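Right, one structure below, let's go through it.
Read the figures in this text as sums done on the coordinates, not as results from a lab. Everything numeric here is computed off the predicted structure, so don't read it as measured data. Cβ: placed from backbone, ideal geometry, glycine included. Neighbour counts: every protein chain shown.
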Amino acid sequence: MMPGASARPSQANWCFDERPTPVARFARRTHLSRIRGGAEAPAPVSLVVPHVKTQISGRLINLFFTEGQEIEAGAPLAEVDPRPYEAALKQAKGQLARDQAQLKNAQLDLNRYTQLVAKNAASQQQVDTQQALVQQFQGTVEMDEAQVRTAELNLEYCHITAPVTGRVGLRLVDRGNYVQAGESTGIAVITQIKPITVLFSLPEDKVPQVLKRLNSGADLPVVVYDRNRRAALATGKLVTIDNQVDVTTGTVKLKAQFDNADEALFPSQFVNVDLLVDTLTGVTVIPSAAVQRGAPGTYVYLVHPDNTVSVRKIALGASDSSRIVVTQGLVAGDKVVVDGADKLREGAKISEPDAAAGGKPAPVAGEGSERRPRRTQESRDHGTGEVAIPATPGPASSKTAPAVPASGSADTGSATQTPATPPATPTPGTTPPAGTVPAVGPSIVPDSGPGAAPAAAQGGGAPTTQGGVK
């Protein structure tokens, strides 16, 4: 991408992709640790934009480019009338020749006076005076040589060439016009397209983990998406991090570079950026909406087979706006309430809308059900394949009555099952399903190495996230 643009503050999250192991419905999974940049505002595609300007004044006699043309660095662009500068060069060379002759004569006189002083035929004062004259002419000759070099440079500046490889924009002046050094408009603008860079900002508290990976020599993949985050445009890598924190925003600027062979990125275009920082293996994740904080600490409402809920304290790890890693308290396959938890209490009974309406339990991800949840009652987490089902109070009966919160309203909530079907990793030029968390880097693979527990003992991974650059 191209240098020169500033990025606005962004949030940092951890995004991931996952796949369950074949032996368990929901096993621990690999977590791609990402940082998402530019979440509050898209990051601009930066650009190398040399304004091609003349360094001397004169009449423009030739233009050698076509608007929109791709050119290489050093290619001729325009020509200023060189005749005045050719004459100035000849004049400078003439002055140099004259002063060089005077210097040579002064040096010969100095040699003569030096010999006469040795024979007491001349005074020391004459020698000293002649020595000063020689040094004076030496200085004059050096000035003349500089004048010649300046005249040669001015003559070279009459032939204007492209400073970088890129694409020429619209011409800003026509042939025959008089151009002057220092004009703000110039002759044309060249933008570098291949490669191109994106500048984005990252909260300062996320910088250490990025620096750690960058300083270790790791290549950190970066994926850019369109402004609406619907299609992946290009994949590149992180190039560098700025050396200071912006005190007004508390963020640090980063630069990612892209080959841009297909020219999917355009100078000054606004994009969303995901930076893959690390891969965490064998983590359990849940929707962030399921996490509650209160007197017990950090907890979730765990749904039991009889549709009652209980408070389960948990410990959290990396997260983003939609999912969070659970390090303690849950196993893969556990159901947790993701909606309406504020109306629940310990032991409250809930019923899932589909089960209550149709007499059939809600489909569980990974069980082969083709039924799609109703938009008004259920929401699907495409990033993990979870089905988040708003729960409704269970029917009142002599045996089981719906729990009622202190306010007197019926307890409601929604249960979610950890996913079994991983999302497809977006590729440049493709459009991911709505609601998906963009993925970069290797796909999530099951943690099936030595020591992995069987499905029944290991449990499942609840969904979560942390990390992502824009």
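Given +1 at the Cβ of Lys and Arg, -1 at the Cβ of Asp and Glu and no other charges, the dipole of segment 82-157 around its Cα centre is 280 debye to the nearest 20. What is the log10 of I(q)/I(0) for segment 82-157, computed with the Debye formula using one identical point scatterer on each Cα and no solvent, at q = 0.19 Å⁻¹? Scattering profile of segment 82-157, log10 relative to I(0): -0.74. Label separation (Glu263 vs Lys93): 4.4 nm, computed from points 7 Å beyond Cα along the C-beta direction. Computed from the alpha carbon atoms alone, the convex hull of segment 182-235 holds 199 Å³ per residue.
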